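Structure first, then comments.
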C-alpha cells in the first residue's frame, strides 16, 4: 500500500510494516491504554511529526509532558491570572466576536436572545471582557453572576498570551475541572483553524468532563487537511470512543479492551486479540470493512 508523506509507522513487522496514515485512515487518532502507555505513544507522535516539519500543540492535563521544543508554554492554574478571556481573545483577533459570545453562552448557560445581546455589546465596544459583561447591568450579567466565581476572575485576568507555532498547555496544576474545561474551550477556539499542525490531547477524558470541554473537542477533532489530532486517554469514555477516526489500543484491562473492540465494530472472534504490554492493536475502518492490525510499539 502506498502511504502519504504524513504517515507514521506504528509496528515494524516482517513482510510489511503497519502505518497510521491520516490521509487514508482519518485525521483523528484515538489512543487508549493504562498507566503511562498513552503518554509514551503521544510523545512518539509528537517527535515523529516534528521531524516531518509539522508544528505541535499539546494539551496536557497531567502536567508531565516535556517542555522542550515549545515556543509557548502556558501554565494554567486556578491560583494566578491566566489571561484566558474569550472576549479579549476576540479583540486580539484570535477568533470573531460571535465565537466569544458563544463561548460565554456555553460556560454560563445564556439563552439565544442573551447571547445575541452580548454579541451586540461586544461589537459596539460596550463590553471588552467577561468581567465587564458581568458588571454591564444587562440581563446576561445576572445569568453570568449565578455561577461566576473568584476562580473565573483569575482565569480571565491578565494579558492575553501570545500563542506561538508550537504550544504546550499545561493543565496539570489546575484543580478546578470547570476552569480546565473553560480554558480548553477558549484555546481550542483560538487554535481551531491551524494547519500543518499536530494537536495532542492527554488525558483527553479530563477535557470532556464539562460542557465547555466537551464543546472544545469537536473544534480540534473535526477533519481538516494538513492537520492531525491525537487523542490519548486512560479512560475509554463514550465521548472519546464515538469520535470519528481510527483507534490505537495499547495494554489495558480486558474489559476495557473488549469495550474498545465492541465500540469500534470489531466482530467477536480472533480479530479481538488480547493486547499485551508493549503491544498495540490498530483498528481502522474503510467504507466496506473494519480492519485490525497487531504489533509491538516502538515506545
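General remarks:
- Checked against the criterion of being free of Cβ contacts under 8 Å to residues at least 40 places away in the same chain, loosely packed, with under 11 Cβ neighbours inside 10 Å and either touching a helix residue (DSSP H, G or I) at 6+ places or on another chain (Cβ under 8 Å) or outside any loop (DSSP other than H, G, I, E, B) (or both), the stretch 283-297 has no qualifying residue.
- Selection within the stretch 240-265 - under 17 Å from the mean Cα position of the chain (by Cα) and surrounded by fewer than 16 Cβ atoms within 10 Å (Cβ to Cβ): 242, 244
- Subset of the stretch 247-269 (residues that are modelled with pLDDT under 95 and assigned to a strand (DSSP E or B)): none
- Among (1) crowded, with 18+ Cβ neighbours inside 10 Å; (2) at pLDDT 95 or above - the single one residue 11 does not satisfy: (2)
- Residue match in the stretch 178-192 (condition: farther than 30 Å from residue 225 by Cα, surrounded by 17 or more Cβ atoms within 10 Å (Cβ to Cβ) and assigned by TED's automatic domain parsing to the domain that holds residue 218): yes
- Of 121, 203, all but one fail to be crowded, with 18+ Cβ neighbours inside 10 Å and more than 19 Å from residue 74 (Cβ to Cβ); the exception is 121.
- Any hit, the stretch 75-97, residues being in contact (Cβ under 8 Å) with a residue 40 or more places away in the chain, in contact with a strand residue (DSSP E or B) (Cβ under 7 Å, 6 or more places away or on another chain) and surrounded by 19 or more Cβ atoms within 10 Å (Cβ to Cβ): yes
- Near pairs, Cβ below 6 angstrom, 6+ apart or cross-chain, from the stretch 56-71 (in the same structural domain as residue 199 (by TED's automatic domain parsing) and touching a residue at least 24 places away in the same chain (Cβ under 8 Å)) to any residue that is assigned to a strand (DSSP E or B) and surrounded by fewer than 20 Cβ atoms within 10 Å (Cβ to Cβ): 67/73
The values are calculated or read from the model by the stated rules, or taken from the named source; none is laboratory data. These figures come from a predicted structure and were not determined experimentally. Cβ: placed from backbone, ideal geometry, glycine included. Neighbour counts: every protein chain shown.
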